[in-house]
Amino acid sequence: MLLILLLLSAASFAAPKFTLGTIALEPGGTGVLPLSVSGGTEPFAGVNARIVLPAKIQCTGVVAGSGLPLGFTVVHRVTGTPEVVTVLAYSGSVTFTGGEVVRFQLRADTDAASGPVIFSDAKAEVYVNARYALSNSTGTSVALATPQSGSITISQTAPSLAVTPASRSVASTAGSTTFSIATTAAWTATSNQTWATLGANSGTGNATLTVNCAANMAGQRTATITVTGAGTSPNLVEVT
């Protein structure tokens, strides 16, 4: 969880508030984390903030938000590991009264862990510079009200699982047939008949599954082969 710390300077008007947005990222995926300003009674002419990103989250850029009018310049610097992003938005002639001021363009590493990314106060911060955090049209610093927290969540997309074709017909003599498994995940396979045995009971990734069939001396018979994936969607596929 990213927290914005308070650093106050004297002001005679209502204090504005910084709010860091919330986004969801998949491993290897990208997204935008907005930083907004609300409240206050005078227009603002500049913003200066610094965020410390969670591990394995990278900043690929910072751009002006929808609350900044044309005429603002947005610059940023990225340092350290985990990354520290310092951003400055300023204008010598234009002001704004609130809204989304900047957007942090983020990317999650491909090995980022799934599940919520939660950080203690000491490990994830958004520092707001007291002198330049917000400046009004006269260049006077503006005091900050209590801000809200923001968060970054890593959500793992379930890998797919497919087994084709849906069925195979075999001769009455002993022999074998095959099915194609398409997935990036680990899988296991079982047969519900002793006369249909599998060439492999488990594997990882795409594979050809061989089914060995004993000779049939009686009438028609059917076997169901069940392939189950590790965290896949769907979780299992049955073929006959």
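The values are calculated or read from the model by the stated rules, or taken from the named source; none is laboratory data. Source: prediction; values computed, not measured. As a convention, Cβ positions derive from the backbone with ideal geometry for all residues, glycine included, and neighbour counts pool all protein chains shown. Surface accessibility is based on the protein's heavy atoms, side chains included, excluding ligands, DNA and RNA. Shrake-Rupley method; radii C 1.70, N 1.55, O 1.52, S 1.80 Å.
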Name the pairs: first residue in the range 76-94 and closer than 17 Å to residue 108 by Cα, second residue open to solvent by less than 30 Å² (accessible area, probe 1.4 Å) and outside any strand (DSSP E or B), Cβ to Cβ under 7 Å, at least 6 apart or on different chains? 82/53; 82/54; 83/53; 85/53
Which residue is most open to solvent (accessible area, probe 1.4 Å), if the candidates are limited to the range 161-176 and must be part of a loop (DSSP other than H, G, I, E, B) and touching a residue at least 24 places away in the same chain (Cβ under 8 Å)? 168
What number goes with the only condition from (1) at pLDDT 95 or above; (2) out of contact with any strand residue (DSSP E or B) (no Cβ under 9 Å at 6 or more places or on another chain) that residue 211 does not pass? (2)
Count of residues meeting criterion [among the basic types (Lys, Arg) and within 21 Å of the chain's Cα centre (by Cα)] in the range 59-114: 2
Going by what's in this entry, would residue 33 be described as in contact with a strand residue (DSSP E or B) (Cβ under 9 Å, 6 or more places away or on another chain), within 30 Å of residue 159 (Cβ to Cβ), buried (at least 16 other Cβ atoms within 10 Å of the Cβ) and not basic (Lys, Arg)? yes
If you scan the range 206-240, which residues turn out to be of a type in the set (Ser, Thr, Tyr) and open to solvent by less than 60 Å² (accessible area, probe 1.4 Å)? 210, 224, 226, 228, 232
When you go through (1) in a loop (DSSP other than H, G, I, E, B); (2) open to solvent by 50 Å² or more (accessible area, probe 1.4 Å) one by one for residue 180, which number turns out not to apply? (1)
Mind listing whichever residues of the range 60-107 are among the charged types (D, E, K, R), open to solvent by 50 Å² or more (accessible area, probe 1.4 Å) and either at pLDDT below 90 or under 20 Å from residue 17 (Cβ atoms) (or both)? 103, 107
Of all the residues that make up the range 32-50, how many are modelled with pLDDT under 80 and under 30 Å from residue 110 (Cα atoms)? 2
Cβ-Cβ under 6 Å, sequence separation 6+ or interchain: first residue in the range 48-60 and under 14 Å from residue 101 (Cα atoms), partner among the aliphatic types (A, V, I, L, M). Which pairs? 48/88; 48/133; 49/87; 49/128
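Being of a type outside the set (Val, Ile, Thr) and within 25 Å of the chain's Cα centre (by Cα) is the filter; apply it to the range 163-186 and report the residue that is modelled with the highest pLDDT.
182
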